[in-house]
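Chemist: Pasting a structure here, questions to come.
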Amino acid sequence: MYTDIICSHFNLQCSADERLEERRDCAAKVSHNGVVEWHPMAIYKSTCAVKIKYFPYDKQNCTLKFGPWTYDAGRVNGTLYDVDWNLKEYKESPEWKLLKHRAWTKTEKYDCCAEIYADLMFELIIERQPAYYNYLLILPCFLLSSLTLVVFWLPPENPAKMVLGMNIFVAFFLLLLLLKSSIPSASSSFPLIGNYYCANMTLVTLSTFLCLIVVNLHYRGDRRNEVPPWLRKLAIQHGARLLFVNVAPPGGPKSKSPDKKGNKPAQPIQPNDVKPQQLYGPAFGFYPGAPRLPYPDAYGRKF
């Protein structure tokens, strides 16, 4: 039986399992030449430094270290019979894809002891499958980013701009919660997509706050108080120069001077300049002697 075999506690040294030992019942194979083969089944939980900066398109490099706890290399020496891995029975994970793998032996001397210890090292390079996160986090992000541009296209005095901005803020906040539940909390960095979420939330918040100020000034300016002189100076003199906007002088636009021939520029026709008799004729549907109907003209006058 396998219980009669002396085991050297050849375990995973970077284990993250709460169990002290992983060992299951398995029969040992004894050959005629004295070679004993024992292939126990085991499930290991290992620690691995996770880097999620490029989540969900990240790659992880995990190294497994197997070795004895108490026996040095002179008593227990691990040897690799085959460096190539047999992946015939490997079941690919729907979340991770195995890119590279390698195995080697390593001897190391620790500060506590004078002996040299031999370990077996296994390196795994895995890549995350992003298909699930493309529909959950990436596609809604692009759609909400398009709506963020719409917020800046709406006129500032429109109250719908604030409503749309607050809805986009809530949507990005929900995406941020989904991102938090998909990544480990003890990671050393924050994903770039999370920074993008926070940047969009900041822009929407700033736009909503400025829109609130514009609406307040729009409904309070001419109806209650005049625009303060400092605000008028800041917006017209300095703000217009920064935005390359031409502002008319306080006295209104200047009238154009006569041309070289002495002709004055044409002036717009005012309502009082049009006389009633000028509206008679076939073009207007009135003839001399025709009965005058009480229909108003374009300026509200009845004939």
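Chemist: On a full-extension model of 0.36 nm per residue, what is the gain between residue 53 and residue 145, subtracting their alpha-carbon distance, rounded to one decimal in nm? Each step should come with its number before you reach the end.
Modeler: Working: separation 92, 0.36 × 92 = 33.12 nm, distance 2.06 nm.
The residue 53-residue 145 span can extend by a further 31.1 nm.
Chemist: Simple spin-label model, 7 Å along Cα-to-Cβ: residue 199 to residue 29 in nm?
Modeler: 5.7
Chemist: For region 134-224, restrict the atom set to alpha-carbon positions and state the Rg and Dmax in Å.
Modeler: 16.0, 56
Chemist: Please check which bits of region 28-50 a label hung off residue 88 would reach, taking the label as a point 7 Å along Cα-to-C-beta and the cut-off as backbone N under 20 Å.
Modeler: Flagged as within label range: 29, 37-42.
Chemist: In addition: In nm, to one decimal, how far is the residue 79 label point from the residue 95 one, both placed 7 Å along Cα→Cβ?
Modeler: Going by the 7 Å Cα→Cβ label model, 3.9 nm.
Chemist: In nm, give the distance between the simple-model label positions of residue 127 and residue 69, each being 7 Å from the Cα along the Cα-to-Cβ direction.
Modeler: About 3.9 nm, to one decimal.
No value in this document is a laboratory result; all are computed from the given coordinates. Please read all numbers here as calculations on a predicted model, not as lab measurements. For neighbour counting, all protein chains shown are included, and Cβ atoms are generated from backbone atoms with ideal geometry for every residue, glycine included.
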